[in-house]
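S.K.: Mind looking over this structure? Questions follow.
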Amino acid sequence: MILRPTREDLKAIGWGVGRVILGVGLLMTVPLVTSLVCREWNTALDFAIGILACFSFWLSMEILCPINRDLTWFQGLVIASGGWLVAMVFGAIPHYLSGHFKSYLDACFDLMSGYTTTGLFLLQDLDHLSHGMNMWRHLLTYAGGQGIIVVALTFLFAGTAGALRIYVAEGKEEKLLPNVIRTARAIWMISLTYLAVGTACLWAALLREGMPAGRGFLHALWLFMGAWSTGGFAPQSLNLLYYHSFLVEMITLVIFVIGSFNFALHYAVWTGNRREIYRNVEVRSFVTTLLIGTFLLTLSIAREGVFSGLTVIFRKGFYNLVSGHTTTGNSTIYSVSFYKDLGFLGIFSVIMVMAVGASACSTGGGFKGLRMGIIFRSLRQEVRRILSPESAVVREKIHHIRDIWIDDAMVRAAMFIVLCYVFIYFVGGLLGVAYGYPPHIAFFDSVSAGSNTGLSAGLTSPLMPATLKLYYIFAMWAGRLEFVSILALVGFAGVLVKGRRARHP
Amino acid sequence: MRGNRPIQGLSERRLIRLLALLLFFSFLLLLPGDWSRAESGEWEGFNGPVGISELVEHMEHYDGKTVTVEGEVVGDVMNRDGGAWLTVNDDPYALRSLEEGGDFAGVSNSGIGVWVAADMTREIQHTGDYQEKGDRVRISGVFHRACGEHGGDADIHAQSLEVLVRGYRFEHPFQWKKLAVVLLLLFPAVFLWTVRERTRRKRKRRATR
């Protein structure tokens, strides 16, 4: 028997979502200040409206939904998944008011793309966008990379056990420190340190490449945010191609590779455990799939004959492959080049690495290296079992911070999530084909959205059908949260309608 | 322990089969079908200006040829190595950007990087952004699909640059309506804050009793 959520459940969810929206409102103060400094008054008003709307919502929730108990797992899951949707609607207010979106749906698309660190966008006339709006686009992808729940946890939740439940529900299972609030703060500390170093390196590179100091600094900051969060946003429509710079490409490549690694790995290395880099299953999985992808891509590029020479293949082939594998989406070629210049095997290898994606508990998306490692080891275990005598006990382990023995439940959980990803990739691809797009383009963009990558072969545009926009929003959201909290939200909606009312004695 | 394995393993194996099947069908859908659409396009002659999206869509036809493009210079003029990089856009927003009150065209920007000699940049006074209308230029030069000199970038090496229309700085008219919305939203926010503080105080008092 499934019980309908009680009033207490609804209050707890309302309270939690209110806190998340307060977090969104507080984030908007950064672009508000940017707009004021750059004397972009109308943009500043857009953010003032957004902030007031967020604050009003939060205050309403605080008044209507007071709680006196800690959150349950179920409530945590619904807050995480529902919080992202409500955050999308509120975060899209400045986007829509900027006048660069044809519809509110388009603004919501870009918001979800930013939060989920995807990088696809429907914004029109990017090259004439204000600094304030550009700051907002990049900041929300930077914050989204850590997880907007992590943002809220860091500042707005007192050290409750319920905080852990929301944190896990956002698709992050790693606890760097025993306390989840301190874990959230550790994630921020790591990210902010890299922000300072990465921005300084990019700024120096951009100055060397002839950019003026002021704009160079802003571009450096935004490029860092886009690359580190594996969001792939850039302030100009040509993305990384705008800079024509090997140096800038190299720095961003290093940033998004580091950003795609597990925060637990970062923490292990920071605390002196350097050997973890070589032993970690996710690093090994990443290197293996990257090597396979590089082999296929190089074969294809050689066959097509458009790009020749090591530097050119590195900048036009390898860079985009790694960008896809880390689910970043920074690009140094035009969309059409993915299928015209990289060739069939090339586009297939990019789709493959995008589908696999980055590390668990990182800023990236996709199946994740950890799951690939588990599935590969379980397959190896089956083969070894077949080849071994019947009485032999065959077990495999993976190394992720510590040695972990593989069991059936772990394999089943990994397979379930991978299957969910394949399902959303597949449905998105079929939808695209049904709307008349060529299959390779439809599947490329579908995998890109579902794995939160952001590379596009040309399908994603403001003119794409609304159904596809809605589906991509769903795919980005589901892919980022890794399905479990989405299923909880669906279950919540189901029991709201069909569940039996709990009887109080 | 082994006795339980086949039952547990079965669901796992089914999952693997299902996965393999899905991957197989995805691969089939990716096989080349009618996607050699590049050949079917119609392109303009080389005498007049070429559209940049046309240039990008049919790179193979223009590769190594002298082309002329017209558009707005946007972003930055990046001087380096005795030359400079410009970005030239020729989308509808290059004529009238959204910030200037232009209409939605349903497309993103369409631009290309142009490598010019350092002395040519003296001509450029305005580059398009939020507060500026960039100079409208006509550029003739050699188009490269994958420039060997510049790391494989698709670019144009300019031979001539002519400013057709001088750009300008423009002011955004202050949007009073938005200010009114801000003021309107302030009332409920202040009201809600007061109610929240009162209820919090009440609850605290109840708790201390």
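S.K.: Do you know which residues across the range A:292-322 are small (Gly, Ala, Ser) and not in a loop (DSSP other than H, G, I, E, B)?
M.R.: Across the range A:292-322, the qualifying residues are A:GLY293, A:SER300, A:ALA302, A:GLY317.
S.K.: All but one of (1) farther than 13 Å from B:GLY51 by Cβ; (2) modelled with pLDDT of 95 or more hold for B:GLY106, so report the exception by its number.
M.R.: Against the list (1) farther than 13 Å from B:GLY51 by Cβ; (2) modelled with pLDDT of 95 or more, B:GLY106 comes up short only on (2).
S.K.: Would you call A:GLU382 among the acidic types (Asp, Glu), surrounded by fewer than 24 Cβ atoms within 10 Å (Cβ to Cβ) and under 21 Å from A:PRO438 (Cβ atoms)?
M.R.: Answer is no for this residue.
S.K.: Please tell me if A:VAL312 is of a type in the set (A, V, I, L, M) and either without any contact (Cβ under 8 Å) to a residue 12 or more places away in the chain or closer than 20 Å to B:HIS150 by Cβ (or both).
M.R.: The answer is yes for A:VAL312.
S.K.: Evaluate the range A:322-339: report whether one residue or more is surrounded by fewer than 24 Cβ atoms within 10 Å (Cβ to Cβ), closer than 22 Å to B:SER108 by Cβ and more than 23 Å from the chain's Cα centre (by Cα).
M.R.: yes
S.K.: Can you tell me which residue within the range A:389-403, out of those that are touching a Lys or Arg at 6+ places or on another chain (Cβ under 6 Å) and free of Cβ contacts under 8 Å to residues at least 60 places away in the same chain, is surrounded by the most Cβ atoms within 10 Å (Cβ to Cβ)?
M.R.: Residues of the range A:389-403 that are touching a Lys or Arg at 6+ places or on another chain (Cβ under 6 Å), as a first pass: A:394, A:396, A:398-399, A:403.
If we keep only those that are free of Cβ contacts under 8 Å to residues at least 60 places away in the same chain as well, we get A:394, A:396, A:403.
Working: A:VAL394: 14, A:GLU396: 17, A:ASP403: 9.
So, considering only residues that are touching a Lys or Arg at 6+ places or on another chain (Cβ under 6 Å) and free of Cβ contacts under 8 Å to residues at least 60 places away in the same chain, the one surrounded by the most Cβ atoms within 10 Å (Cβ to Cβ) is A:GLU396.
S.K.: Which residues, taken from the range B:116-131, are among the charged types (D, E, K, R) and either within 9 Å of chain A (Cβ to nearest Cβ) or closer than 22 Å to A:LEU120 by Cα (or both)?
M.R.: Selection gives B:ASP129 alone.
S.K.: Sticking with this one: Against the definition (surrounded by 18 or more Cβ atoms within 10 Å (Cβ to Cβ), away from every other protein chain (no Cβ under 13 Å) and in contact with a strand residue (DSSP E or B) (Cβ under 8 Å, 6 or more places away or on another chain)), how does B:VAL142 come out, yes or no?
M.R.: no
S.K.: Suppose the filter is crowded, with 21+ Cβ neighbours inside 10 Å, touching a residue at least 12 places away in the same chain (Cβ under 8 Å), more than 14 Å from chain B (Cβ to nearest Cβ) and of a type in the set (Gly, Ala, Ser); does A:GLY317 pass it?
M.R.: No.
S.K.: For residues that are in a strand (DSSP E or B), surrounded by fewer than 23 Cβ atoms within 10 Å (Cβ to Cβ) and within 8 Å of chain A (Cβ to nearest Cβ), tally how many sit in the range B:79-106.
M.R.: Here is the first cut: in the range B:79-106, the residues in a strand (DSSP E or B) are B:79-80, B:83-89.
With surrounded by fewer than 23 Cβ atoms within 10 Å (Cβ to Cβ) added as a condition, the list becomes B:79-80, B:83-84.
Imposing the further condition that a residue be within 8 Å of chain A (Cβ to nearest Cβ) reduces the set to B:79-80, B:84.
Summing the residues that are in a strand (DSSP E or B), surrounded by fewer than 23 Cβ atoms within 10 Å (Cβ to Cβ) and within 8 Å of chain A (Cβ to nearest Cβ) in the range B:79-106 gives 3.
S.K.: May I ask you to verify whether A:LEU71 is within 14 Å of chain B (Cβ to nearest Cβ), more than 24 Å from B:ARG198 (Cβ to Cβ), more than 23 Å from the chain's Cα centre (by Cα) and not β-branched (Val, Ile, Thr)?
M.R.: no
S.K.: Consider B:GLU171 against the criteria (1) more than 9 Å from chain A (Cβ to nearest Cβ); (2) of a type in the set (Asp, Glu); (3) touching a Cys at 6+ places or on another chain (Cβ under 6 Å): it satisfies all of them except one. Which criterion is unmet?
M.R.: It fails just one condition, (3).
Conditions tested, residue by residue: (1) facing chain B (nearest Cβ under 9 Å); (2) not acidic (Asp, Glu); (3) not in a helix (DSSP H, G or I).
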{"site": "A:THR43", "(1), (2), (3)": "yes, yes, no"}
{"site": "A:CYS54", "(1), (2), (3)": "no, yes, no"}
{"site": "A:GLU62", "(1), (2), (3)": "yes, no, no"}
{"site": "A:GLY76", "(1), (2), (3)": "no, yes, no"}
{"site": "A:ILE79", "(1), (2), (3)": "no, yes, no"}
{"site": "A:LEU85", "(1), (2), (3)": "no, yes, no"}
{"site": "A:GLY99", "(1), (2), (3)": "yes, yes, yes"}
{"site": "A:ALA107", "(1), (2), (3)": "no, yes, no"}
{"site": "A:LEU122", "(1), (2), (3)": "yes, yes, yes"}
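S.K.: Filter the range A:282-313 down to the residues that are hydroxyl-bearing (Ser, Thr, Tyr) and surrounded by fewer than 20 Cβ atoms within 10 Å (Cβ to Cβ) and list them by number.
M.R.: A:THR288, A:THR294, A:THR298, A:SER308, A:THR311, listed by residue number.
S.K.: Within the range A:402-458, how many residues turn out to be under 21 Å from A:GLY365 (Cβ atoms), outside any helix (DSSP H, G or I) and of a type in the set (A, V, I, L, M, F, W, C)?
M.R.: Residues flagged as under 21 Å from A:GLY365 (Cβ atoms), outside any helix (DSSP H, G or I) and of a type in the set (A, V, I, L, M, F, W, C) within the range A:402-458 amount to 2.
S.K.: Give the residues of the range B:198-209 that are surrounded by 10 or more Cβ atoms within 10 Å (Cβ to Cβ) and either facing chain A (nearest Cβ under 10 Å) or among the aliphatic types (A, V, I, L, M) (or both), sorted by residue number.
M.R.: Of everything in the range B:198-209, those that are surrounded by 10 or more Cβ atoms within 10 Å (Cβ to Cβ) and either facing chain A (nearest Cβ under 10 Å) or among the aliphatic types (A, V, I, L, M) (or both) turn out to be B:ARG198, B:THR199, B:ARG200, B:ARG203.
S.K.: Take A:VAL248 and decide whether it is over 24 Å from A:PHE367 (Cβ atoms) and outside any helix (DSSP H, G or I).
M.R.: Criteria not met by A:VAL248.
S.K.: Next up: With respect to the numbered conditions (1) crowded, with 22+ Cβ neighbours inside 10 Å; (2) touching a helix residue (DSSP H, G or I) at 6+ places or on another chain (Cβ under 8 Å); (3) in contact (Cβ under 8 Å) with a residue 60 or more places away in the chain, which one is the sole condition not fulfilled by A:TYR194?
M.R.: A:TYR194 satisfies all of (1) crowded, with 22+ Cβ neighbours inside 10 Å; (2) touching a helix residue (DSSP H, G or I) at 6+ places or on another chain (Cβ under 8 Å); (3) in contact (Cβ under 8 Å) with a residue 60 or more places away in the chain except (1).
S.K.: Where residues in the range B:158-186 are buried (at least 18 other Cβ atoms within 10 Å of the Cβ) and touching a residue at least 24 places away in the same chain (Cβ under 8 Å), which of them is farthest from B:GLY71 (Cα to Cα)?
M.R.: Of everything passing the filter in the range B:158-186, B:ALA158 is farthest from B:GLY71 (Cα to Cα).
S.K.: A:LEU342: over 23 Å from A:ILE255 (Cα atoms), more than 24 Å from the chain's Cα centre (by Cα), among the aliphatic types (A, V, I, L, M) and crowded, with 24+ Cβ neighbours inside 10 Å, yes or no?
M.R.: Yes: the conditions hold for A:LEU342.
S.K.: Also: Residue check: is B:GLY71 facing chain A (nearest Cβ under 8 Å), assigned to a strand (DSSP E or B), crowded, with 17+ Cβ neighbours inside 10 Å and in contact with a strand residue (DSSP E or B) (Cβ under 7 Å, 6 or more places away or on another chain)?
M.R.: Judged against the criteria, B:GLY71 is not a match.
S.K.: Which ones in the range A:369-408 are in contact with a Ser or Thr (Cβ under 7 Å, 6 or more places away or on another chain) and modelled with pLDDT of 90 or more?
M.R.: A:MET372, A:GLY373
S.K.: Go through (1) part of a loop (DSSP other than H, G, I, E, B); (2) within 14 Å of chain A (Cβ to nearest Cβ); (3) farther than 30 Å from A:ALA466 by Cβ one by one and return the number of the condition B:GLY113 breaks.
M.R.: Going through the list (1) part of a loop (DSSP other than H, G, I, E, B); (2) within 14 Å of chain A (Cβ to nearest Cβ); (3) farther than 30 Å from A:ALA466 by Cβ, B:GLY113 breaks only (1).
S.K.: Being in a loop (DSSP other than H, G, I, E, B), within 14 Å of A:GLY458 (Cβ to Cβ) and at the interface with chain B (Cβ under 8 Å from one of its Cβ atoms) is the filter here, so list the residues in the range A:323-352 that pass it.
M.R.: A:ILE333, A:TYR334, A:ASP341 - these are the residues of the range A:323-352 that are in a loop (DSSP other than H, G, I, E, B), within 14 Å of A:GLY458 (Cβ to Cβ) and at the interface with chain B (Cβ under 8 Å from one of its Cβ atoms).
S.K.: If you don't mind, there's one more thing I want to ask. Is at least one residue of the range B:60-67 acidic (Asp, Glu), outside any helix (DSSP H, G or I) and facing chain A (nearest Cβ under 7 Å)?
M.R.: Going residue by residue through the range B:60-67, those that are acidic (Asp, Glu) are B:60, B:63.
Narrowing further to those that are outside any helix (DSSP H, G or I): B:63.
Keeping just the survivors that are facing chain A (nearest Cβ under 7 Å) gives none.
No, the conditions are met nowhere in the range B:60-67.
The values are calculated or read from the model by the stated rules, or taken from the named source; none is laboratory data. This structure is a prediction, so every number in the text was calculated from the model and none was measured. Every residue, glycine among them, receives a Cβ derived from its backbone with ideal geometry; neighbour counts consider all protein chains shown.
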